[in-house]
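Throughout, read-outs are computed from the coordinates displayed, never taken from laboratory work. Note that the structure is predicted; figures quoted are calculated from it, not measured. With ideal geometry, Cβ positions are generated from the backbone for all residues, glycine too; neighbour counts draw on all protein chains shown.
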Amino acid sequence: MRVVGPSRRAALAGLAALGALARPLGAHAVPGVSFGADPSRIGAAGAGDYVPPSSLRTVLDNYRRMTCPVMIQDAGPFAFVADTGANQSVIAAEIAAELNLPKSDDQPLNGVAGVQITPTVRTTLRLGARPPREVTLSVLPADDIGGQGMLGLDQLDGARLTLDFARSELFLDSGPLLPGVGPIYEMQAKRRDGGLFLVDAEVAGIEVTAFIDSGAQDTIGNMALRALAYSRYPAVPWKVTPIISVTGQTIAADYADLPSLRIGDVTLPSWPVAFADLHTFRMWNLVRRPAILIGVDVLSRFQSVCLDYRNDEVRFRLPETA
């Protein structure tokens, strides 16, 4: 999903100016966005020189290059995005047509605004060194997916997924455990419905149920969290922006710059958080208590992030200068 509109980009620019002035609130702090940082440095310098992207567009361009090579019926490899917030894997309609994949029954696909009935195909999928397996994939246009396909939790369960933001690389069940040279912090994660990773987190001093959504552009809180944040920080300016799902659905969201975001022992300074009544929160039964999905805008503050579905652990490697 993605948050769009010039107001969101302006919020990130405001964060860039505030990042250097914010006082760390936790045991360890990640620097704010470096205003004026050169995006060409990302992945070009040594791992210890990693500078987080300076704009949302750079975050997305960086992330779009981080895909898993997937073989479909011995053809490929095709570049699939890993989406830890999706429960169903998706293939681009153009690839399905090119390979003449056999159609299956239409099935519901969960989007941010609700459930949409989409066509599906049956095929053989192979990831890395794993043996091929028969799968059902939902079908969406490549432009909506932002790539040739998307790997959801149905394919990522039991995997070790590493996002190397410093080099714009993604590793699945292979590669270095956590690339880079900065300090490492580990967290024990909890499972929800066999796949969702829940981690210890706070937003503006409010304890939240948080899960890591590697397919989300932005960090988004539920309405229970919005109510608490609004009552505690009534002077903070709030704005409205749309959120667009890969299914094409749109839902309105409020957003505000809140004092801090803590994930485990790591605290980020003032951070723009969107709030919306996402179907995603209802799907995972995260409605009544404050909850948040942590998107790529936050994950890219780190050199690398490892989601270990084998051992139910999350590992973060901070920039060396953090």
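Some observations on this one:
- Charges were assigned to the Cβ only: +1 to each Lys and Arg, -1 to each Asp and Glu. The resulting dipole of the stretch 123-164 about its Cα centre is roughly 260 debye.
- Phi angles of the stretch 255-262 translate, via the Karplus equation with coefficients 6.51, -1.76, 1.60 and θ = phi - 60°, into HN-Hα couplings of 8, 7, 7, 9, x, 6, 10, 10 Hz per residue; Gly and Pro are given as x.
- Global form of the stretch 119-275, assessed from the alpha-carbon gyration tensor, a/c cut-off 1.5: oblate
- Cα shape, the stretch 182-223, gyration tensor, a/c 1.5 rule: rounded
- Protection-proxy order for peptides 295-305, 83-93, 133-143, each taking the mean of Cβ atoms within 10 Å per residue, highest first: 295-305, 83-93, 133-143
- Potential lengthening between N311 and D154 on full extension [0.36 nm per residue; Cα-Cα distance subtracted]: 54.8 nm
- Convex hull volume of the Cα atoms of the stretch 200-322, normalised per residue: 114 Å³.
- Counting only Cβ charges, +1 for Lys and Arg and -1 for Asp and Glu, the dipole size of the stretch 252-311 around its Cα centre is about 240 debye.
- Mean separation of Cα pairs under 8 Å and 6 or more residues apart, divided by the residue count, gives the stretch 92-158 a relative contact order of 31 percent.
- With the cut-off at under 18 Å, measuring from each backbone N in the stretch 268-290 to a point 7 Å along the Cα-to-Cβ line of Y233 picks out 268-277, 290.
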